[in-house]
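The values are calculated or read from the model by the stated rules, or taken from the named source; none is laboratory data. Keep in mind that what you see is a predicted model, and the values were worked out from it rather than measured. Here the Cβ positions follow ideal geometry from the backbone for every residue, glycine too, while neighbour counts run over all protein chains shown. Side chains included, ligands, DNA and RNA excluded: accessible areas come from the protein's heavy atoms. Shrake-Rupley method; radii C 1.70, N 1.55, O 1.52, S 1.80 Å.
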Amino acid sequence: MTPEELLAARDRTVPDVIAGGLRVLFCGINPGLLSAATGHHFARPGNRFWPALHASGFTPTRLAPAEQERLLEYGLGITNVAARATARADELSDEELREGGRLLTARVLLHRPRWLAIAGITAYRTAFGERGARVGPQERRLGDTRIWVLPNPSGLNAHWTPATLAEEFRRLRLAAEDG
């Protein structure tokens, strides 16, 4: 993909992979330019979402971003807090994240997943006004949907190794299996 093709993807959106009654609806911060250009969530090769999903036991094989529709077979889906593609998540304004939180709440109330897993603590804090939130399960619910905040799986998030990221995904998987 050329730099021009990537730049042309700015402000595009990536369709949700969603259905009613999912076990877990994963939620990124917003699409990156490669995701917007390809139409696939977490498409950048250095992103650790797909490896963590598999290593944690959510999927029996490691899916490629182009296989994202297969998530529905496992009771999983993907959406974003903010729909607009940017080169970096810090290009989003706080108001965009708050509005994204309102729109995300409406999607969750419509589709009613058991768990909403937001991948990015800072985005969650801003979108939902939860300044003291930590990674893990949250007290807040959206209707009957429980919320789990995951670390951002970007390769730039050096605070979380692939192993510790997969372990946090595994904790969510176990909670989702328990109901």
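Would you say A176 is surrounded by 20 or more Cβ atoms within 10 Å (Cβ to Cβ) and among the hydrophobic types (A, V, I, L, M, F, W, C)? Spelling it out, A176 is indeed surrounded by 20 or more Cβ atoms within 10 Å (Cβ to Cβ) and among the hydrophobic types (A, V, I, L, M, F, W, C). Remark: pairs (first residue in region 80-91, farther than 21 Å from P3 by Cα; second residue of a type in the set (A, V, I, L, M) and part of a loop (DSSP other than H, G, I, E, B); Cβ separation under 6 Å; 6+ apart in sequence or on different chains) = V81/I29; A82/L92.
Does R170 count as closer than 26 Å to T86 by Cα, open to solvent by 10 Å² or more (accessible area, probe 1.4 Å) and of a type outside the set (A, V, I, L, M, F, W, C)? Lay out the reasoning, then the answer.
Working: closer than 26 Å to T86 by Cα: no; open to solvent by 10 Å² or more (accessible area, probe 1.4 Å): yes; of a type outside the set (A, V, I, L, M, F, W, C): yes.
So R170 does not fit the description; no.
Take the residues in region 128-157 that are open to solvent by 70 Å² or more (accessible area, probe 1.4 Å) and in a loop (DSSP other than H, G, I, E, B); name whichever of them is farthest from G100 (Cα to Cα). If you could, list the steps in order and put the result at the bottom.
Taking region 128-157 first, the residues open to solvent by 70 Å² or more (accessible area, probe 1.4 Å) are 131, 134, 139-141, 144, 146, 156.
Going one step further and asking which of them are in a loop (DSSP other than H, G, I, E, B), we end up with 131, 134, 144, 156.
Numbers: R131: 17, R134: 20, D144: 20, L156: 23 Å.
The residue in question is L156.
Within region 134-153, take every residue that is in contact with a Phe, Trp or Tyr (Cβ under 6 Å, 6 or more places away or on another chain) and not charged (D, E, K, R) and give me the one that is nearest to R23 (Cα to Cα).
Taking region 134-153 first, the residues in contact with a Phe, Trp or Tyr (Cβ under 6 Å, 6 or more places away or on another chain) are 137, 146, 148-149, 151, 153.
Next, from what is left, pick out any that are not charged (D, E, K, R): 137, 148-149, 151, 153.
Details: P137: 15, W148: 12, V149: 15, P151: 19, P153: 20 Å.
Here the answer is W148.
Could you grab me the full set of residues in region 88-123 that are open to solvent by 70 Å² or more (accessible area, probe 1.4 Å) and touching a Gly at 6+ places or on another chain (Cβ under 9 Å)? So that I can check it myself, show each step before the final result.
Applying the first criterion (open to solvent by 70 Å² or more (accessible area, probe 1.4 Å)) to region 88-123 yields 88, 90, 94-95, 98-99, 102-103, 109-110, 112, 114, 122.
R88, R98, L109, L110, R112, R114, listed by residue number.
Among the residues of region 1-36, the one identified as without any contact (Cβ under 8 Å) to a residue 40 or more places away in the chain, under 16 Å from N80 (Cα atoms) and not in a loop (DSSP other than H, G, I, E, B) is L34. Within region 39-65, residues that are more than 15 Å from A163 (Cβ to Cβ) reach partners that are surrounded by fewer than 21 Cβ atoms within 10 Å (Cβ to Cβ) and among the polar types (S, T, N, Q) with beta carbons closer than 9 Å, at six or more positions or on different chains, in the pairs W50/T59; P65/T38.
Restricting attention to region 75-87, and to residues there that are open to solvent by 50 Å² or more (accessible area, probe 1.4 Å) and at pLDDT 95 or above, which single residue is nearest to A176 (Cα to Cα)? Step through it out loud before you land on a result.
If we filter region 75-87 for residues that are open to solvent by 50 Å² or more (accessible area, probe 1.4 Å), which is where we start, we get 83-84, 87.
Of the ones still in play, those that are also at pLDDT 95 or above are 83-84.
Values: A83: 26, R84: 29 Å.
For region 75-87, the residue satisfying everything is A83.
The condition of being open to solvent by 30 Å² or more (accessible area, probe 1.4 Å) and either part of a loop (DSSP other than H, G, I, E, B) or farther than 20 Å from G101 by Cβ (or both) does not hold for T59.
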